[in-house]
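Heads up, the thing below is written out as structure tokens.
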Amino acid sequence: MAVDPSEQIVAFRTAFRAEGTAERAAGQKAYLKSELAFQGVTVPFIRKTAKAFRRERRDLGRDDLLTLTAGLWATSYHDLRSLAIALLELYADLLLAADMAVMRDLLKRCHTWDHVDWLSIKVAGRLVERHTQAKRSLPGWADDERFWLRRAALLALLDPLRAGRGDFGLFARLAAGMVEEKEFFIRKAIGWVLREVAKQRPDLTYAFLAEHIERVSGLTLREGAKYLPAAQQAALRERYRA
């Protein structure tokens, strides 16, 4: 069933305006330090809206999905852009490896960590896990001048690594090129992934931190070593201090 994107976006915006509050909108805008407009709806409501649309439009095609999400992203509303990501996540099985280019374009126009993280982990990450060709996009992302895209290259590998599988070798190669960066969101992302890997495969996390101990930031070390055995944590701290 075809969707008129303009009409659908108006319907979404009307529903959000009715649900949102000015107080919540002001708080969200201040918290995220975003230049986008906010209608003051919660993430659970955004997800609920996306799921309701999914139930009604189970036969939505890939082209219509991409047209609708592009229209939502073209608005100046943070909430509607969040809805675009929620829809891409729900319809992720429609996406192809070539759609990593679409993800890259959206990420280039992200300005807040919440959109970057959601889009890279739950949409781009799904593509990377399903398609070898999609994975080949990540080294290019890791070299991009935009730090949000570099962060996305790391986080697109997070979910499978968190589950005890995934391509740690690729993550290690990408992260090794970023360990000396000053940008907080890069240092935090490396530590976050290493912390999650340590829950299932602590030796991988320990080996990475030990190899790069002379270059890694204190933030990355604290985050990454959080779930390592006490002896490994102590050994890393001693080497770092030295």
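Considering the zone a paramagnetic label at Glu23 would reach in this model (a point 7 Å from Cα along the Cα-to-Cβ line), which residues of segment 39-63 have amide N under 20 Å from it?
39-46
Work out the charge dipole of the chain with +1 on the Cβ of Lys and Arg and -1 on the Cβ of Asp and Glu about the Cα centre, then indicate which of Ser217, Leu170, Trp141 is farthest towards its positive end.
Value computed over the given set: Ser217.
Keeping all protein chains in the complex and leaving out DNA, RNA and ligands, what accessible area do you get for Val41 with a 1.4 Å probe, in Å² to the nearest 10?
For Val41, solvent-accessible area is about 0 Å².
Take the Cα atoms of segment 8-78, build their convex hull, and give its volume per residue in Å³. Please report the intermediate quantities before stating the final value.
Values: hull volume 6.1 nm³, N = 71.
So the per-residue hull volume is 86 Å³.
Quick one: Debye curve from the alpha-carbon atoms of segment 58-107 only, equal weights, vacuum; give me log10 I(q)/I(0) at q = 0.18, 0.29 Å⁻¹ to two decimals.
For segment 58-107 at q = 0.18, 0.29 Å⁻¹, log10 I(q)/I(0) is -0.51, -1.27.
With +1 on each Lys and Arg Cβ and -1 on each Asp and Glu Cβ, how big is the dipole of segment 98-242 about its Cα centre, in debye rounded to the nearest 20?
220
Mind computing the radius of gyration and Dmax over the alpha-carbon atoms of segment 1-126? Å is fine for both.
Rg, Dmax (Cα atoms, Å): 13.8, 41.
Over segment 162-242, with every protein chain in place, what whole percent of the accessible area is carbon and sulfur at 1.4 Å, could you tell me?
Values: 2070 of 4200 Å².
Of the solvent-accessible surface of segment 162-242, carbon and sulfur hold 49 percent.
P(r) of the chain in 5 Å steps, Cα pairs, percent per bin?
So the P(r) values, bin by bin, are 1, 6, 14, 16, 16, 14, 13, 9, 6, 3, 2, 1, 0.
What distance in nm separates the simple spin-label points at Lys108 and Glu180, each placed 7 Å from Cα in the Cβ direction?
Inter-label distance under the simple model: 2.8 nm.
What list of whole percents do you get for P(r) of segment 84-204, with Cα-Cα distances grouped in 5 Å bins up to the one holding the largest distance?
2, 12, 25, 26, 21, 11, 3, 0
Going through the cross-link list Lys122/Lys188; Lys33/Lys188; Lys29/Lys226; Lys29/Lys188; Lys48/Lys122, which pairs have a Cα-Cα distance over 20 Å in this structure?
Details: Lys122/Lys188 18 Å; Lys33/Lys188 18 Å; Lys29/Lys226 31 Å; Lys29/Lys188 22 Å; Lys48/Lys122 17 Å.
Long pairs (Cα-Cα over 20 Å): Lys29/Lys226; Lys29/Lys188.
With N residues in segment 155-234, what two-decimal value do you get for its Cα radius of gyration over 2.2 N^0.38 Å?
Working: Rg = 11.1 Å, N = 80, 2.2 N^0.38 = 11.6 Å.
That ratio works out to 0.96.
Would you rank Lys182, Lys199 by solvent-accessible area, highest first, keeping every protein chain in place and using a 1.4 Å probe? Provide the component values of the computation, followed by the final result.
Values: Lys182 170, Lys199 110 Å².
Accessible-area ranking of Lys182, Lys199, largest first: Lys182, Lys199.
Across all directions of projection, what mean area in square nanometres is found for the Cα convex hull of segment 55-150?
Numbers: hull surface 23.6 nm².
Result: a mean projected hull area of 5.9 nm².
Could you give the accessible area per residue of the chain, probe 1.4 Å, as a whole number in Å²? Before the final figure, lay out the partial values.
Numbers: 11690 Å² over 242 residues.
On a per-residue basis, the chain sits at 48 Å².
Can you pull the three principal axis extents for the Cα set of segment 132-188, in Å, largest first?
The Cα atoms of segment 132-188 stretch 29, 22, 16 Å along their principal axes.
Give the carbon-plus-sulfur fraction of the accessible surface of segment 9-101 in %, rounded to a whole number; probe 1.4 Å, heavy atoms of protein chains only. Intermediate results must be reported in sequence, preceding the final value.
Numbers: 2550 of 4620 Å².
So the carbon and sulfur contribution to the accessible surface is 55 percent.
The values are calculated or read from the model by the stated rules, or taken from the named source; none is laboratory data. Because the structure is predicted, anything quoted here is derived from the model rather than measured. Positions of Cβ are generated from backbone atoms using ideal geometry, with glycine treated the same way; all protein chains shown enter the neighbour counts. All accessible areas refer to the heavy atoms of the entire protein, side chains included, with ligands and DNA or RNA removed. Shrake-Rupley method; radii C 1.70, N 1.55, O 1.52, S 1.80 Å.
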